[in-house]
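Notes follow once the structure below has been shown.
The values are calculated or read from the model by the stated rules, or taken from the named source; none is laboratory data. Quick caveat: nothing in here was measured; it's all calculated off a predicted structure. Every residue, glycine as well, gets a Cβ built from its backbone with ideal geometry; the counts of neighbours run over all protein chains shown.
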Amino acid sequence: MDDRRPTAALPDIDERLARRLIDSQFPQWANLLVKRVEADGHDNRTFRLGDEFTVRLPSGEEYALQVAKEQRWLPVLAPRLPLPVPTPVAEGAPGHGFPYPWSVYRWLDGVPATHGRIRDLTGFATDLAAFLVALRQVDPTDGPKPGPHNGFRGGPLTTYADETLDAVAALGDEIPRDAVLRAWDDAVEAGWHGEPVWFHGDVWAGNLLVRDGKLAAVIDFGSCGVGDPACDVVIAWALLYGRSRDAFRHVLAVDPATWARGRGWALWKSLITLVGHLERGSSEAAVPRHVIQEVLADHSLEG
């Protein structure tokens, strides 16, 4: 459920471009098949390279800022986390009309999380919360602060106040406006005053890999940084419900203010995404609608 858009015109980021970049910069892999992955994402175009590697090419200038960050910090984070995360193998340079740095990682087996693929949603929620707790416990010294590299995740929720309120106005009767504004106001008032900690920044189903019904890996750390971890709580309403949401909250052990700010992050993403889907007439509008409903129902229980 991404919210940003590419900022520069690019050549077609397809298998032919990935092939040319690999062949010219890493000829040792020239014999490996390049194939675009099915679950591709927005920030990067992702390709399978042979059986062991994956190639990620940023789709815009702001996403290219994430390359050096992941190359620098993923090797630091990985040994301290209870689940596999992407391992950088090589860093590519601009070439063949592609203007950004790019990365090669070890391939991680698994499929994006869905309810149908998860054997035990409460166990999944517990494992995910334990992963996020471990991430928060990594020493944040010199870690990347919120900024353009991650859409200012980890910073004040008010960063996106204008976008949120514009979306509310644009949606009109498509949403329960008064309930949305109450939940948003409560989230903003629950300001963050803690010490910076590591966060993932984009914990959603597409970045959670499942194998044999269980959480197997967490991918795409492009939005990671150190700051307020409330943005990592969004998954509570985007995928979890009932006992699984309760278990996630219990293990995560965040205070009520962080939970409230998490609802604010979930509203922001869902509202602006819903606007985009409705403008395009997309059938995927049901997804942000569901998240908004879950957030409001949860807010009403604590209101």
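Before moving on, here are some points about what is shown:
- Listing of helices (runs of 4 or more DSSP H) fully contained in segment 212-303 that carry 1 or more residues being among the hydroxyl-bearing types (Ser, Thr, Tyr) and under 19 Å from the mean Cα position of the chain (by Cα): 256-280
- Tally, over segment 138-183, of residues that are within 17 Å of the chain's Cα centre (by Cα), more than 19 Å from ILE272 (Cα to Cα) and in a loop (DSSP other than H, G, I, E, B): 4
- Segment 108-136 - residue that is hydroxyl-bearing (Ser, Thr, Tyr) and assigned to a helix (DSSP H, G or I) and, of those, surrounded by the most Cβ atoms within 10 Å (Cβ to Cβ): THR126
- Residue pairs whose Cβ atoms lie under 7 Å apart, sitting 6 or more positions apart in sequence or on different chains, and linking a residue in segment 187-207 that is closer than 12 Å to GLY154 by Cβ to a partner that is at pLDDT below 95 and in a helix (DSSP H, G or I), are GLY201/ASN150.
- Taken over segment 210-230, the residue count meeting the criterion of being surrounded by 20 or more Cβ atoms within 10 Å (Cβ to Cβ) and either among the charged types (D, E, K, R) or in contact with a Gly (Cβ under 6 Å, 6 or more places away or on another chain) (or both) is 9.
- Search result, residues across segment 137-151 that are surrounded by fewer than 18 Cβ atoms within 10 Å (Cβ to Cβ) and within 21 Å of GLU61 (Cα to Cα): LYS145, GLY147, PRO148
- Filter pass, TYR105 being in contact with a Pro (Cβ under 9 Å, 6 or more places away or on another chain), closer than 20 Å to GLU38 by Cβ and surrounded by 13 or more Cβ atoms within 10 Å (Cβ to Cβ): yes
- Candidates VAL85, VAL76 - the one that is loosely packed, with under 14 Cβ neighbours inside 10 Å, modelled with pLDDT of 95 or more, β-branched (Val, Ile, Thr) and under 27 Å from ALA125 (Cβ atoms): VAL76
- Spans of strands (runs of 3 or more DSSP E) in segment 30-89 with at least 2 residues touching a residue at least 40 places away in the same chain (Cβ under 8 Å): 44-49, 53-58
- Screening segment 161-194 for residues that are at pLDDT below 95 and closer than 27 Å to ASP220 by Cβ and picking the one that is surrounded by the fewest Cβ atoms within 10 Å (Cβ to Cβ) gives GLY194.
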